[in-house]
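Comments concern the structure below.
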Amino acid sequence: MGATATTNPAARGGRGARERILQAAEELFYARGIHATGVAALIEAAHVSPRTFYVHFPTKNALVEEYLRRFESEKSIAAEAELERDDLPPAQRLLAIFASVEGDPPALIRGCPFHNAVIEGAGALPEVARLAERHKQAFRDRLVTTAAEAGAADPEALGRQLAVIFEGANALAASCNDAQVFTDARRAAKALLDLALGAAPEG
C-alpha cells in the first residue's frame, strides 16, 4: 500500500467521487494514521467538495468502516493473499505470508490496517473492532485450512501458532520500521512447520 496520496486530479464531485474518496482514505489512513488524517485532507486528496464527501460518507467513522470492508470484498491484504495462490503447495503458501517488504528505498512499514484501526479506535469504534475481529478470525481459519491441506497432524494448533507469529511480526516490524523482522518470523514459522509436518529442518 502506498504511503502518499496519488489520486488523479479530476472534476470535483461527479462520477467516481466515491471511489476517489476511498482511494484517498486507503493511502492517507495507511501513511498518516486515521486520527491524524482529517476530513479536509481527504477532501483535498480525493478532489471532491465537502458536500460530495458527506453525501457518500455522512461521518468519518463511516468512511473508516468502508475502508476496512474493501479489504474483504475488493482487495486482499498482500501478505494474506499469498494463501490463495494456486502456484504453490500448501506448505509454501504458509511461508509466503512472511515475505519481506521490498523496495529501494524500502517502503515505510505501517503494519496491518485492521490492527491499526482497532488501536486508534481505543474501544470507541465498536463496528471497527467487530470488522477487525471478523477479519482476524477468517485469517486464522484460512491458516488452519491451509495447514490441513499441507498435512499437519494438528492443523488447528499450527494455524493458530502461525497467526501469532504473523501478527507479532507485523506489529514489531511496524513499530521499528524493520523489514528484517519478517525474515526472522519466516525462519521461526519454517521451524514450526517442519516440526508439524515431521520434516527435518533445513541447515
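Annotations for the structure displayed:
- Computed [θ] at 222 nm, helices only, for the chain once each DSSP H run of length n ≥ 4 contributes -39500 (n - 2.57): -20500 deg cm²/dmol
- Of the DSSP H helices in the chain, those whose Cα atoms cover at least 15 Å axially and whose Kyte score averages 0.0 or more: 155-176, 180-197
- Tensor-based shape of region 77-197 (alpha-carbon gyration tensor, a/c under 1.5 rounded, otherwise prolate or oblate): oblate
- A crude spin-label estimate for the pair A124 and A179, with each label 7 Å from Cα along the Cβ direction, gives 3.6 nm.
- Projected label points at R187 and A157, each 7 Å from Cα along the beta carbon direction, are separated by 2.5 nanometres.
Every read-out reported here was derived from the displayed coordinates using simple, explicitly stated rules and does not represent laboratory data. Remember, predicted model here, so these are calculated numbers, not experimental data. Because the Cβ atoms are built from the backbone with ideal geometry, glycine has one as well, and the counts that use them run over all protein chains shown.
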